[in-house]
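Accompanying notes for the structure given below.
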Amino acid sequence: FSHVLCFVFFLQVLNEKKLQEVDSLWKEFETPEKANKIVKLKHFEKFQDTTEALAASTALVEGKLSKNLKKILKKIVAKDAHEQLAVADAKLGGVIKDKLNLSCIHSPMVTELMRGIRSQIEGLITGLPSREMAAMCLGLAHSLSRYKLKFSPDKVDTMIIQAISLLDDLDKELNNYIMRCREWYGWHFPELGKIITDNLTYCKCVRKVGDRSNFASSDVSDILPEEIEEDVKAAAEISMGTEVSEEDINNIIHLCDQVIEISEYRTQLYDYLKNRMMAIAPNLTVMVGELVGARLIAHAGSLLNLAKHPASTVQLLGAEKALFRALKTKRDTPKFGLIYHASLVGQTNTKNKGKISRMLAAKTALTIRYDALGENTSAEMGAENRLKVETRLRLLEERGIRRISGTGKALARTDKYQNKSEVKVFDPSGDSTLPAVSKKRKIQEVEEQNTEVAVKAKKFKADMKEETTAEVDEPVKKKKKKKDKEKQAEEEALNEELPTSPTVEVR
């Protein structure tokens, strides 16, 4: 049995049958007298200081066998090797059995026995006042809790999570209050809102002056510059606002007081958050700034949880909804989440934001792990990584103005800009509601139409020529036919007049 003061070993005195009744065992420890009849003190080993007590307690919590406990158990084994050791932790009992070959018991009966001993420890160990015992128990409990939680007052990231959440809530409330104040006082003096653009200065001015008629006699030089003060006084004399009662002005002034108080508290909270971030995560703060770093920690839940995330997850923290929407619709995934608000990403042009955010997330993941798991609290690593990202950013920006050459190192010469005015003529073809046809198809259709027209024209001309020739040839043919008939008649007449000559055979 381990206590805040010592290792205590008790030897069972009474019969084990009484201990078998687990449900009624608590009755045997109702008073110190009854407890002394069940167990008696066997051995007492005192701790030297709180450090030794903490080391022994942590070893028991983790189920390990400490050096002091090992020495004590060896002495007991030498004396009473046949006895069994009742252990509250089964894991610790297994370790003792393996290393010392000592039989150990772990059962519900042992748990009830330990509970009874703990309840009557003051009566079983005499000579200790209860007040000192309570103080020592409290001190060891705090030390043990710090050890289990890896507690350090400078490493509490819970404060950062609460501070950044409160800062965002204050910003929302301040915007609502200021909007209400401007709208409310605007009914009385609407011109003041256009002259004074700063919200805090506006509220301070309204709180100091109140009614617009008091601007002429009041001095607001400690709030406003001279030029703006003159403009405000001139506008107050010719204002188009309505008259309001004194009670309305008092309520508006009370609202201005709330705005000023919240603004001052927000400034104080921001300074607190900045100092806390430099204490807990200095390298992360140097890389992305205290606000973005605090939001990353709050989004992950703790600095240790954030250190477990890979660089790709750090890059997209805060854009989960857009990421899953893009995966669902099979579109391009987002390139950055909360890290978009970092100064290094903000000063990059749109083309290179994705590249810089990816590199910044990789370096940020390294700094987060260094802050969460490292023992060094300096911000040198964050400064070195930030310098690398800035160098990469400079190279990406210069690459756009380099000319394409053999080496690629020479910078392009930029010519002087000259404005060239171009007169563009309206294209009426864009107003057509007919379906668009490609230019090649249009050209082919026009060429086919032209060839068809040309062929038709040629055919028409040929037909006309044939008709004219036919008309001219018809009377000529008639005359030829008459002449031919006359010749045939004359030849027939001659043939009839001539005698027929006898045929002579030539041999």
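The values are calculated or read from the model by the stated rules, or taken from the named source; none is laboratory data. Keep in mind that this is a model prediction, so the values were computed, not measured. So basically every Cβ, Gly included, is an ideal-geometry build from the backbone, and we count neighbours across all protein chains shown. Surface accessibility is based on the protein's heavy atoms, side chains included, excluding ligands, DNA and RNA. Shrake-Rupley method; radii C 1.70, N 1.55, O 1.52, S 1.80 Å.
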For a Förster distance of 22 Å, can you work out the FRET efficiency between the beta-carbons of ASP219 and TRP184, rounded to the nearest 0.05? 0.35
Quick one: if the Förster radius is 22 Å, what FRET efficiency do ALA326 and LYS353 give, using the C-beta to C-beta distance and rounding to 0.05? 0.85
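I'd like the GluC sites (Glu not before Pro) in segment 346-401 restricted to DSSP loop residues with at most 13 other Cβ atoms within 10 Å, sorted by number. Kindly include the intermediate steps, with their values, before the conclusion.
Numbers: sites: GLU375, GLU380, GLU384, GLU390, GLU397, GLU398; in loops: GLU375.
Passing both the DSSP loop test and the Cβ count: GLU375.
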THR377's amide H: which non-local residues (gap 5+, or another chain) put their own amide H closer than 5 Å, with H modeled 1.01 Å from N in plane and none for Pro or chain starts? none
Simple spin-label estimate for GLU226/SER107, 7 Å along Cα→Cβ, in nm, reads 9.8
Would you work out the relative contact order for segment 156-270, in percent, from Cα pairs under 8 angstrom that are 6 or more residues apart? 40
Do any trypsin sites (Lys or Arg not before Pro) in segment 317-402 lie in a DSSP loop with no more than 10 other beta carbon atoms within 10 Å, and if so, which? LYS330, ARG331
Set LYS74/LYS99; LYS70/LYS91; LYS172/LYS208; LYS353/LYS388; LYS70/LYS99; LYS330/LYS363 screened for pairs whose C-alpha atoms are more than 19 Å apart: LYS172/LYS208; LYS330/LYS363
Here, segment 156-270 modelled as identical Cα point scatterers in vacuum has Debye log10 I(q)/I(0) at q = 0.21 Å⁻¹ of -1.12
Which value in nm describes the separation of the simple spin-label points at ASP257 and ASP168, placed 7 Å from the Cα toward the beta carbon? 3.2
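As a test of reading the structure, rank MET136, MET179, MET287 by solvent-accessible area (1.4 Å probe, protein chains only), most first.
Working: MET136 70, MET179 105, MET287 0 Å².
Ranked from most to least accessible, the order is MET179, MET136, MET287.
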How large is the accessible surface of HIS254 in square angstrom, using a 1.4 angstrom probe and rounding to the nearest 10? 110
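Sort segment 256-389 into rounded, prolate or oblate with this rule: let a ≥ b ≥ c be the square roots of the eigenvalues of the Cα gyration tensor; rounded if a/c is under 1.5, and if a/c is not under 1.5, prolate when a/b is larger than b/c, oblate otherwise.
Values: a/c = 1.75, a/b = 1.25, b/c = 1.40.
Oblate shape, in that a/c is at least 1.5 and b/c is the bigger or equal ratio.
Using the Kirkwood radius over Cα pairs, work out the Stokes-Einstein diffusion coefficient for segment 27-146 at 10 °C and 1.306 mPa s, in µm²/s as a whole number.
Numbers: Rh = 15.9 Å.
Rounded to a whole number, D works out at 100 µm²/s.
Quick check: residue separation of MET114 and MET278 times 0.36 nm, minus the Cα distance between them. What number comes out in nm? Spell out each step's value before the answer.
Numbers: separation 164, 0.36 × 164 = 59.04 nm, distance 4.66 nm.
Contour length minus the Cα-Cα distance gives 54.4 nm.
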Theoretical FRET efficiency, 1/(1+(r/R0)^6), r = Cβ-Cβ of ALA141 and LYS37, R0 45 Å, to 0.05: 0.90
